[in-house]
Amino acid sequence: MVKHPAKYTEVLLPVFEKILRKYGCEKVLDCFAGTGKIHKLPFTTTGLELEEEWANQSENTIIGDATKMPFADKCFCAVCTSPTYGNRMADSHNAKDGSSRNTYTHKLGRQLAETNTGKMQWGAKYREMHEKAWSECFRVVKSGGILILNFKNHIRKGIEVDVFGWHVQELIKNGFVLRSVEQIEVNGNGFGQNGSARVPFEYVATFEKNI
């Protein structure tokens, strides 16, 4: 089984469940599904994942691109997802020096698909791809539905990069309304140049499509 470097932290799943129940959601999409941990939630879940090796680890995940979703308009009650962070996990290398690496390329054992944001550092291309994905999310979520965004900022050159803030503004620009933000304490993975300077929490933000 091919491992994934960025699965949902277990403490997040009860948080997702509580929010989804609050809004009465039953049909849930994770458009960046990875190995399909979203399917642990007690709802009707669908995963969308670009890489075959990860998608095939769950019968409820299909191979597909978040920027061009194969779903009808307004067909999900909720999107619950964690986009890539634009950090050093996007590094591409052969990792033949015996050191510990925790990147998408290293775990998959090959180069990622061209449109996989897991290979993109924070920058213009990363933002362009997620702009398309968030537009698609707005399209497939029904009126009154929600989007749950799980995200963690990263440290670059000793400074926290507020990628989460950019995602929030982009989702608002697409028509979602921010309803709440929680900070959930988590452990960092400890790898890389900033292994001792991880941001100690992840955000869980809830947005509503009220049109």
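The values are calculated or read from the model by the stated rules, or taken from the named source; none is laboratory data. Predicted model, so just to flag it, every value in this text is computed and none were measured. Methodologically, a virtual Cβ is constructed for each residue, glycine included, from the backbone with ideal geometry; neighbour enumeration extends over all protein chains shown.
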>> Looking only at the stretch 49-84, count every residue that is closer than 27 Å to Ile184 by Cα and among the aromatic types (Phe, Trp, Tyr) and tell me the total.
In response: 2
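Select from the stretch 168-200 the residues that are modelled with pLDDT under 95 and either hydrophobic (A, V, I, L, M, F, W, C) or assigned to a helix (DSSP H, G or I) (or both) and write down the one among them that is surrounded by the fewest Cβ atoms within 10 Å (Cβ to Cβ). Outline the logic, then answer.
Residues of the stretch 168-200 that are modelled with pLDDT under 95, as a first pass: 185-200.
Restricting the remaining residues to those that are either hydrophobic (A, V, I, L, M, F, W, C) or assigned to a helix (DSSP H, G or I) (or both) gives 186, 191, 197, 199.
Values: Val186: 16, Phe191: 16, Ala197: 14, Val199: 18.
Out of the qualifying residues, it is Ala197.
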> When you look at Gly165, is it within 15 Å of Val204 (Cα to Cα) and surrounded by fewer than 16 Cβ atoms within 10 Å (Cβ to Cβ), yes or no?
Replying inline: yes
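Just a yes or no: is a residue in the stretch 55-70 in a strand (DSSP E or B), at pLDDT 95 or above, closer than 18 Å to Ala133 by Cβ and of a type in the set (Ser, Thr, Tyr)?
The answer is yes; a qualifying residue exists.
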> Which ones in the stretch 110-146 are more than 17 Å from the chain's Cα centre (by Cα) and surrounded by 19 or more Cβ atoms within 10 Å (Cβ to Cβ)?
Replying inline: Gly145
>> Here is a check on your reading of the model: is Glu10 in a loop (DSSP other than H, G, I, E, B), of a type in the set (Asp, Glu) and surrounded by fewer than 23 Cβ atoms within 10 Å (Cβ to Cβ)?
In response: yes
> Assuming Met89 fulfils every condition listed in (1) in contact with a Gly (Cβ under 9 Å, 6 or more places away or on another chain); (2) crowded, with 18+ Cβ neighbours inside 10 Å; (3) modelled with pLDDT of 85 or more; (4) outside any loop (DSSP other than H, G, I, E, B) apart from one, which condition is it?
Replying inline: (3)
>> Residues to consider are Thr9, Thr46, Thr61; find the one that is closer than 17 Å to Leu147 by Cα and polar (S, T, N, Q).
In response: Thr46
> Inside the stretch 141-162, can you point out the residues that are part of a strand (DSSP E or B), within 13 Å of Ala205 (Cβ to Cβ) and of a type in the set (D, E, K, R)?
Replying inline: none
>> Quick test of your reading of the structure: Cys80 fulfils all but one of (1) buried (at least 18 other Cβ atoms within 10 Å of the Cβ); (2) assigned to a loop (DSSP other than H, G, I, E, B); (3) at pLDDT 90 or above; (4) not aliphatic (A, V, I, L, M). Name the failing condition by number.
In response: (2)
